[in-house]
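The values are calculated or read from the model by the stated rules, or taken from the named source; none is laboratory data. Since the structure is predicted, the reported quantities are computational estimates derived from the model, not experimental observations. With ideal geometry, Cβ positions are generated from the backbone for all residues, glycine too; neighbour counts draw on all protein chains shown.
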Amino acid sequence: MPTANQAAFDFLATRRSRPAKTLSTPVPDEAALRAILTVAARAPDHKKLEPWRFAVLEKPALERLAAMIPERAAALGIAPEKAAKMQGQFADADLVVAVIGVPRDDDAVPELEQILSTGAVCQTLLAAALAAGWGANWLTGWASLDRPFVETGLGLAPHEFIAAFMHIGTETIAPPERPRPDLDAIISWIRE
């Protein structure tokens, strides 16, 4: 039998994101955040392409991005309530790590595999922040898909994309447990 890391298994079995709107200060300092990002960067990455990068968004940057939302929402015909919700996602945050997908040209590693690696980095970042004692939440939203917003506001190149706006901060309330998948509905046992 393999040797289990029961503490890690128990943590993953009970892991729960914290709603971004419930996160507050303090937020991780640079040293604490570097430790979390170091863990996140250990996600599966075929051929070590690093098809992702991190942009740490501190309060002044978040306020600048929030200020861009009304104009972008109007240009896209986004309903006022959706625009206000997206604006609040940035304005009310104290620290966000944007996980940026950076697909690389490589004949041996299809772009889809690189996108999956980017998702693995997001999940590992979320788990690492929670394991370090912080509250964390993985969000995206319509602004993450708006090319003028991400290119002007975050400096993304045309081939890059936002995989996550990872909100990290101090948990103010613990969310209730939510229903989890019915394993019998999603598992197929292929025995022959």
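Can you confirm whether P110 is within 28 Å of R178 (Cβ to Cβ) and surrounded by fewer than 16 Cβ atoms within 10 Å (Cβ to Cβ)?
When the stated conditions are applied, P110 does not pass them.
Which ones in the range 129-146 are touching a Lys or Arg at 6+ places or on another chain (Cβ under 9 Å), buried (at least 18 other Cβ atoms within 10 Å of the Cβ) and in a helix (DSSP H, G or I)?
Across the range 129-146, the qualifying residues are L130, A143.
State the number of residues belonging to the range 45-61 that are in contact with a Leu (Cβ under 8 Å, 6 or more places away or on another chain) and either within 25 Å of P103 (Cα to Cα) or assigned to a loop (DSSP other than H, G, I, E, B) (or both).
Counting residues in the range 45-61 that are in contact with a Leu (Cβ under 8 Å, 6 or more places away or on another chain) and either within 25 Å of P103 (Cα to Cα) or assigned to a loop (DSSP other than H, G, I, E, B) (or both) gives 4.
Inside the range 147-181, can you point out the residues that are modelled with pLDDT of 95 or more, over 17 Å from the mean Cα position of the chain (by Cα) and either of a type in the set (D, E) or buried (at least 18 other Cβ atoms within 10 Å of the Cβ) (or both)?
F149, E151, G153
Identify, by number, the condition in (1) more than 26 Å from T22 (Cβ to Cβ); (2) in contact with a Leu (Cβ under 6 Å, 6 or more places away or on another chain); (3) surrounded by 14 or more Cβ atoms within 10 Å (Cβ to Cβ) that F90 doesn't meet.
That leaves (1) as the condition not met.
Within the range 97-119, restricting attention to residues that are among the aliphatic types (A, V, I, L, M) and in contact with a strand residue (DSSP E or B) (Cβ under 9 Å, 6 or more places away or on another chain), which residue is farthest from E58 (Cα to Cα)?
The qualifying residue farthest from E58 (Cα to Cα) is I115.
Taking only pairs six or more apart or across chains, which ones have beta-carbon atoms under 6 Å, a first residue in the range 162-173 that is assigned to a strand (DSSP E or B), and a second residue that is surrounded by fewer than 16 Cβ atoms within 10 Å (Cβ to Cβ)?
Note: pairs meeting the criteria are G169/S24; T170/S24; T170/P26.
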